[in-house]
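Data block below; observations after.
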Amino acid sequence: MRNLLLLIAAIFLFAACNSSSSGDPAKAAEDYIRAKAAGDRDKLSTLLCKAKEADLDQEAASFAGIKTEVVDLSCKRDDGADTVSCSGSINADYQGEITPFTLGKYQMVQENGAWKWCGDAP
């Protein structure tokens, strides 16, 4: 019985972790930006579309060894499109000098029931 309860709890936990970006492309874009800034390879692997999977190591290493802060992050799905426009920045601290990387517009695709980041949008 205890094992069954642990299994049920694990299923609910897994579903909660995966549902954060499953229905909202703006939320998926925000999750991607935070994971990229943190260099969270495991999280990024769940947020990249199939076409960008080969770029996982590059995406995860973008800010490797650099202190970052996501500032004023706000993303919104563009009307009638599978794109998301984000405002704010990733501020990178290069030996005490802060360099802001302004956020922009991103292509999002829905794969396996979840929204995924698929690169910059024109």
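Bear in mind these aren't lab numbers, they're just calculated from the coordinates by the rules spelled out. This structure is a prediction, so every number in the text was calculated from the model and none was measured. So basically every Cβ, Gly included, is an ideal-geometry build from the backbone, and we count neighbours across all protein chains shown.
Under a plain spin-label model, where a point goes 7 Å from the Cα along Cα-to-Cβ, how far apart in nm are A64 and N91?
For A64 paired with N91, the spin-label model returns 2.6 nm.
If you average the C-alpha positions of segment 101-122 and of segment 20-55 separately, how far apart do those two centres end up, in angstrom?
Taking the Cα centre of segment 20-55 as reference, the centre of segment 101-122 is 8 Å away.
With a Förster radius of 30 Å, plug the Cβ-Cβ distance of A51 and K76 into 1/(1 + (r/R0)^6) and report the FRET value to the nearest 0.05.
On the way: r = 23 Å, r/R0 = 0.77.
Efficiency for this residue pair is about 0.80.
What residue among G39, V109, F63 has its Cα farthest toward the positive end of the dipole of segment 23-120, where the charges are +1 on Lys, Arg and -1 on Asp, Glu, each on the Cβ?
The listed residue farthest towards the positive side: V109.
Contact order normalised by length for segment 23-120, with contacts defined as Cα pairs under 8 Å and 6 or more residues apart; what percent is it? All intermediate terms of the calculation are to be shown ahead of the outcome.
Working: 190 pairs, mean separation 28.9, N = 98.
30 percent.
What ranking of R41, R77 emerges when the number of other C-beta atoms within 10 Å of each C-beta is taken as an exposure proxy, fewest first?
Details: R41 14, R77 18.
Sorted ascending by nearby Cβ count, the order is R41, R77.
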